[in-house]
1. Cβ under 14 Å from residue 217's Cβ, residue 217 left aside: what net charge do those residues give with Lys, Arg +1 and Asp, Glu -1?
2. What FRET efficiency comes out for the pair residue 225/residue 263, r = Cβ-Cβ distance, R0 = 25 Å, nearest 0.05?
3. At what distance in angstrom do the alpha carbon centres of region 9-85 and region 250-276 lie from each other?
4. In whole Hz and in residue order, list the ³J(HN,Hα) couplings for region 249-257 that follow from phi through the Karplus curve 6.51 cos²θ - 1.76 cosθ + 1.60, θ = phi - 60°; x for Gly and Pro.
5. At a Förster radius of 51 Å, what calculated FRET efficiency corresponds to the Cβ-Cβ distance of residue 76 and residue 318, to the nearest 0.05?
6. Apply the Karplus parameterisation 6.51 cos²θ - 1.76 cosθ + 1.60, with θ equal to phi minus 60°, to every residue of region 330-337 and state each ³J(HN,Hα) to the nearest whole Hz, in sequence, with x for glycine and proline.
7. Among 318, 334, 387, which residue has its Cα positioned farthest towards the positive end of the charge dipole of region 297-396, with +1 placed on the Cβ of Lys and Arg, -1 on the Cβ of Asp and Glu, and the dipole taken about the Cα centre?
8. In nm, to one decimal, how far is the residue 26 label point from the residue 325 one, both placed 7 Å along Cα→Cβ?
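Nothing in this text is a laboratory measurement; each read-out follows from the coordinates by a stated rule. Just so it is clear, the structure is predicted and the values come from calculations on it, not from any experiment. We place every Cβ from the backbone using ideal geometry, glycine too, and count neighbours over all the protein chains shown.
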Amino acid sequence: MSAGAQDEVRVLLAVGDRELEGRLQRELPEAGIAVRGRCLDGPSLLELAAPGDADAVLAAADLHRLTEETLRRLAAREIPVVLLAQAGDAARLSRLAGTVPASSPAPVVAEAVRRAVSRGARPAAPAGDGSADAAGEAPGEASRAAPRLELLAPPGSGRGRPRRQAAPGADAGGRVVAVVSGKGAPGKTTLAISLAALFAEGGSRTVLLDADLRGGNVAPYLDLDPRRGLLGLASPGSPLSEELQLTAGFAVVAGLERPALAAGLREETVPAAVAALRGRFETVVVDLSPMQPGLLRPGDELLLVTGADLVSVWNARTALPAVREQAGGSVLTAAVNRRDGRDHYDAPEVGPVLGLPVSGVVREDRESARRAVQQQIPLVRSGGRVAADLGALARGLGADVDAPPEPRQAFFSALLPGLAGGR
């Protein structure tokens, strides 16, 4: 659901900088945030902040006389707090409040406020209990995040593993399978979602990161909360477990609802997210936008998705220089998607044009695609002939999933299970 479709959120604004306060007062209402009061220091904030009068507090991290005790008392009143932080100045307070860079545009600040309201107030940790644990989580967060931590085991603990191993000398950690495309809409996100589902089906602990900064589609496709994800990881002190959601057997880090929100990301946000996910998962599938080099390493895979028509192949070929830069030393292959009849190109034609090996060809299957969209499930889970094509593509990328039986074998297995099993 987009921010514009949500109810107005009421905030108590506590910012000492007049220029910043004035900008927020002008711009936040356009983003659906109503300023219901203003404070100039911590004590006045406590006087005005009463449950029911405001949905959240938006305060500068360097607000005069804003202390940990102030934040604990706000948490006791169940009032969520978002801190506007300068670089590095909110580390001592981040365990008790959400944070967002003070320089962020109003839509980014509004998203941070909505996330805080959705989650509720941070638990009031006792004084002196502020050190982060080895997993990078704030005290008091572990029990609340326990259901999501089930998938956060170190690589190697799953029953299956990708068949392509990291190159000798590569750092430890999970392998990244990144999916990218040129212009147009060749079905990149649809393939990325199905690949994540198939890696998970094969026993690999898998996470899907929506890192398409042009506006992510993974969250609406899978009916997930778009307020939890990549934007939250850009906030200092935000624990990884807070931004993970589970669906269809794998974890998801949702992307940006709108391209304008990319202004709230630091340059290192996506690489840092990939690095953190490598340490927790065996397979990291990344739905990637063009021109994001430096994420991959030897042993990783970069899959260039193209449609099977002339325009799509031309767009893929035009994108190749940027894609090769993204690939670095990783394995670069292509996938042909939505092939529909002999008028469309197949692997023997597309491979030479792009100068790439083709990892798989996925046929057009409109009925299965319609079911997947209606049910908000991975396309591979909707059945039909497309499932076999997606399975073959995933196996080519290292997923440990079984090939479907041959048609005659499948028929007799269903009809005569006892005979088919040799009994």
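1. Values: positive: 188, 214, 258; negative: 210, 212, 223, 257, 287.
Counting the neighbours of residue 217, the net charge comes to -2.
2. On the way: r = 21 Å, r/R0 = 0.85.
Using R0 = 25 Å, I get an efficiency of 0.75.
3. 26
4. Coupling constants for region 249-257: x, 9, 8, 9, 10, 5, x, 8, 5 Hz.
5. Numbers: r = 57 Å, r/R0 = 1.13.
The value I calculate is 0.35.
6. Coupling constants for region 330-337: 7, 7, 10, 9, 10, 10, 9, 10 Hz.
7. Result: 387, furthest along the dipole toward the positive end.
8. If labels sit at residue 26 and residue 325, their model points lie 3.5 nm apart.
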